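As structure tokens, the structure follows; a few thoughts come after it.
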Amino acid sequence: MMKTQGNTILITGGGSGIGAALAHRFHDAGNTVIVAGRRREALEAACEGRANMHALTLDVETAEGVADFAGRLLAAHPAVNVLINNAGIMRFEALDAKRDLADAEATIATNLLGPIRLIDALIEHLAATPDAAIVNVTSGLAFVPLVTTPTYNATKAAMHSYTVSLRAVLEGKVEVIELAPPAVQTELTPGQSQRPGYQPLDDFADEVMALFGKQPTPKEVLVERVKFLRDAEREGRFDETLAQLAAMTKAAREAVETS
């Protein structure tokens, strides 16, 4: 069971969006919070006016960047006991013609290799620390893909699988939790924060914190809006949900573009 207060929590991608919203709520709940990401200005803005909230720059795309970060983190905050792997990028990709794979490669480096490397860098520290937890932020798209973001979906499906293995291996040593958001109003993709039908960020963060407060902590933190994706295959409606998701997302994007 993950403690909800008295932790020292690292949140990657903590300068904006879901990361910043959760950072503020965990801080309000009585935790020391470290936000990490590429943009120092965004991290410092997230920490402004909050004692016991700290910013550390992190280049999650390279092995060297993660190793350097882990050294700086443990030197400055040796009490860190919770890792929330939230940093991620989402790019639209067309699969029907030869293309530049830079977006696909960056997505894999950030969304999949980044968390794997960071877990590896911190695992011995966390396993030796009381009340340790790892939270991997995946996506509803790990379970039903959005066909216009294929590499993003694939990295999140991979992180779901990796989290299942990690949980089994670390049982009794480190709590391992998966947080799978639905479509949330953030700037993960351009214009997304204004898209109708996406869950408002504050509503999402409030619902997530209520779920973290449950005893025992759920293995999968799932707000109500994501369950139509998470449960689609089990409920025998995968193909229908795949088509419905594509249509809903297309309509939401067009509504913003024409408004």
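Worth a mention:
- The helices (runs of 4 or more DSSP H) found entirely in the stretch 179-259 that carry 1 or more residues being of a type in the set (S, T, N, Q) and farther than 30 Å from M2 by Cα are 238-258.
- In the stretch 1-57, the residues that are modelled with pLDDT of 95 or more, surrounded by fewer than 24 Cβ atoms within 10 Å (Cβ to Cβ) and among the polar types (S, T, N, Q): N7, T8, N31, T32, T57
- Matching residues, the stretch 6-24, being of a type outside the set (S, T, N, Q) and either farther than 16 Å from A51 by Cβ or in a strand (DSSP E or B) (or both): I9, L10, I11, G13, G14, G15, G17, I18, G19, A20, A21, L22
Per-residue answers, yes or no, for (1) aromatic (F, W, Y); (2) touching a Lys or Arg at 6+ places or on another chain (Cβ under 7 Å); (3) not in a loop (DSSP other than H, G, I, E, B):
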position: H27; (1), (2), (3): no, yes, yes
position: A36; (1), (2), (3): no, no, yes
position: A51; (1), (2), (3): no, no, no
position: H54; (1), (2), (3): no, no, yes
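- The stretch 220-247 residues that are more than 23 Å from V176 (Cα to Cα), paired with ones that are of a type outside the set (A, V, I, L, M, F, W, C) (beta carbon under 6 Å, 6 or more apart): A232/T241
- Near pairs, Cβ below 6 angstrom, 6+ apart or cross-chain, from the stretch 153-175 (free of Cβ contacts under 8 Å to residues at least 40 places away in the same chain) to any residue that is buried (at least 17 other Cβ atoms within 10 Å of the Cβ): N153/L141; N153/P145; A157/A142; H160/T138; H160/A142; T163/N136; T163/E178
- Condition broken by M209, with the remaining ones in (1) without any contact (Cβ under 8 Å) to a residue 24 or more places away in the chain; (2) touching a helix residue (DSSP H, G or I) at 6+ places or on another chain (Cβ under 7 Å); (3) surrounded by fewer than 19 Cβ atoms within 10 Å (Cβ to Cβ) satisfied: (1)
- The residue that is surrounded by the fewest Cβ atoms within 10 Å (Cβ to Cβ), counting only those in the stretch 97-135 that are among the basic types (K, R) and either modelled with pLDDT under 95 or more than 20 Å from D68 (Cβ to Cβ) (or both), is K98.
- Unique match (being in contact (Cβ under 8 Å) with a residue 60 or more places away in the chain, buried (at least 17 other Cβ atoms within 10 Å of the Cβ) and under 30 Å from A102 (Cβ atoms)) among V147, V184: V184
Rundown of residues vs (1) part of a loop (DSSP other than H, G, I, E, B); (2) under 15 Å from L58 (Cα atoms); (3) β-branched (V, I, T), yes/no style:
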residue: K98; (1), (2), (3): yes, no, no
residue: D103; (1), (2), (3): no, no, no
residue: I108; (1), (2), (3): no, no, yes
residue: P115; (1), (2), (3): no, yes, no
residue: I119; (1), (2), (3): no, yes, yes
residue: I123; (1), (2), (3): no, no, yes
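The values are calculated or read from the model by the stated rules, or taken from the named source; none is laboratory data. All of these numbers come straight from a predicted model, not from anything done at the bench. Because the Cβ atoms are built from the backbone with ideal geometry, glycine has one as well, and the counts that use them run over all protein chains shown.
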